[in-house]
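The values are calculated or read from the model by the stated rules, or taken from the named source; none is laboratory data. Since the model is a prediction, treat every value here as computed from it, not as a measurement. Note that we place each Cβ from the backbone using ideal geometry, even for glycine, and neighbour counts take in every protein chain shown. Side chains included, ligands, DNA and RNA excluded: accessible areas come from the protein's heavy atoms. Shrake-Rupley method; radii C 1.70, N 1.55, O 1.52, S 1.80 Å.
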Amino acid sequence: MRDKILLYIYIMLFACAAPLTTQAQQTKYRIHGLITDSVTREALPYVSVRIKNSSYGCSSDNNGNFSFLAPINKDTIIISSIGYKEKRIALTVHTKLPLKVRMSPEMYELSEITIKPKKEKYSKKNNPAVELARRIIERRDENSPKNKPFYSRDRHEKLNIALNNFSTAESNHFGQNFSFLDQYIDTSLISGKPILHVSTRELLATDYYRKEPHSERQYVKARQRAGIDDMLSSESTEALFEETFRDVDIFRDNISLFGNKFVSPVSTLGLSFYKYYIMDTINIDGQRCVDLTFAPHNPESMGFNGHLYVVADSSYFIKMVNMNVPKDINMNFIEYMNIKQNFDRLADGTRILNNESLVTEFKISNAINGIYANREVAYRNYSFDSNEKATEILNKKTAVVEEHEATNRDKEYWSVNRIADVSPKELAVAEMMAQLRSNPVYYWLEKGVTFLFT
């Protein structure tokens, strides 16, 4: 309950501190559009959209919208969903965006499964998708790095919070006072709409794991933050972020996020909880993978809709996962959530996580456009050989060990040690906040909000 109250305060903080009017905006460098049923004209959620022979793509959101970045020279967009005929659209520099895609219903059979929209008859018997899911679940722990006596890895984590669907209104006097914010506007990875970063956090650390005696510690080498959340106490915001934006391990039965527990698609309960379908094959990093799609039997239960991309060999190795929260789940303030993870395997078959992202949209009411949050983590330099420093850190009593200079690193240190790129607009939050606070209107508004929440 404490964390949910903090989350509510955090969203309200942004809503109160930046009361600028907003309007929609498009981006010409993004492939985006709307997918609907050609008969009912209803929006179709969770439709797979990808560029042929590439890993570029996404799934449509709750309202049938899709948006993703990709090179414009790719030749064909493939749009597919269970119960509908596959659509292929040529993609050139002359393709008109946003795309308006109408999917035609189709009924077809796969072994004992009869699949069609709205009234689906699903059976586990002789279902190759269920058999594939069973094999994956049975062998999910075989390649875990936690089978090793020890491992360490470097982590670069960034978290950006932004005002969603943002623009300064030219006709609004209040908006004109803040017209300089236009230069800081970025683009949502979900909808392609304009966003304004108002909080950014970045972390460089090394994760340590020891099997016996069990210990997991994080050694923080650099940490920085900038933005509007300075108005809340550091202790409160840190507790909120640790509880809300935590690491996701799909290889556990339950995934804890935002104070809720979700059933993993590879949970030991997965075969009873989820429906599985084999959709297609796709090449990812030169490896042929099977697209295993999943969705909860009950769309209101705490699970996910999404895709497991499984290497097409006898290893049942999950190369990539892309999943969303079903639209029928009632989660406090959360309108949309997407999780992506990308894995590699070492020569001995050990699974390592390369990258993961968690993108979320929060909304309290229709009167407020809401908050956009994007957490991205990149992992590198896995090692399975312990040393004295690792042992010392693993024996510490606290889960997080931080260097004394961690919060005082200069720009050169960050530029040299970052694993992943950070965009100029993500880095410009401190500069933007300095400009905002130089405006008397915003200055006194922030003081008032800080006083109220304190």
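One table, with the values for the structure above:
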item: Tally of residues being touching a Pro at 6+ places or on another chain (Cβ under 8 Å), of a type in the set (A, V, I, L, M, F, W, C) and either in a loop (DSSP other than H, G, I, E, B) or in contact (Cβ under 8 Å) with a residue 60 or more places away in the chain (or both) across region 265-301; result: 3
item: Residues being free of Cβ contacts under 8 Å to residues at least 12 places away in the same chain and not polar (S, T, N, Q) - total across region 121-137; result: 2
item: Enumeration of residues in region 71-90 that are open to solvent by 20 Å² or more (accessible area, probe 1.4 Å), hydrophobic (A, V, I, L, M, F, W, C) and modelled with pLDDT of 80 or more; result: ILE89, ALA90
item: Residues that are modelled with pLDDT of 70 or more and farther than 15 Å from GLY33 by Cβ, drawn from region 93-120; result: VAL93, HIS94, SER104, PRO105
item: Test for TYR379: is it in a strand (DSSP E or B), at pLDDT 95 or above and hydroxyl-bearing (Ser, Thr, Tyr); result: yes
item: Qualifying residue in region 341-354 (condition: within 15 Å of the chain's Cα centre (by Cα) and either loosely packed, with under 15 Cβ neighbours inside 10 Å or β-branched (Val, Ile, Thr) (or both)); result: no
item: Residue in region 32-60 that is most open to solvent (accessible area, probe 1.4 Å), counting only those that are touching a Pro at 6+ places or on another chain (Cβ under 7 Å) and either of a type in the set (A, V, I, L, M) or modelled with pLDDT under 80 (or both); result: VAL39
item: Residue within region 182-201 that is open to solvent by 30 Å² or more (accessible area, probe 1.4 Å), at pLDDT below 85 and part of a helix (DSSP H, G or I) present; result: yes
item: Subset tally (residues that are under 14 Å from GLN183 (Cβ atoms), of a type in the set (Gly, Ala, Ser) and surrounded by 12 or more Cβ atoms within 10 Å (Cβ to Cβ)) for region 424-440; result: 1
item: Selected residue (criterion: modelled with the highest pLDDT) from residues of region 237-263 that are among the polar types (S, T, N, Q) and more than 24 Å from ARG351 (Cα to Cα); result: ASN260
item: Residue list for region 311-325, filter: surrounded by 20 or more Cβ atoms within 10 Å (Cβ to Cβ) and out of contact with any helix residue (DSSP H, G or I) (no Cβ under 6 Å at 6 or more places or on another chain); result: PHE317, ILE318, LYS319, MET320, VAL321, ASN322, MET323, ASN324, VAL325
item: Unmet criterion (only one of (1) modelled with pLDDT of 85 or more; (2) closer than 30 Å to PHE166 by Cβ) for LYS447; result: (1)
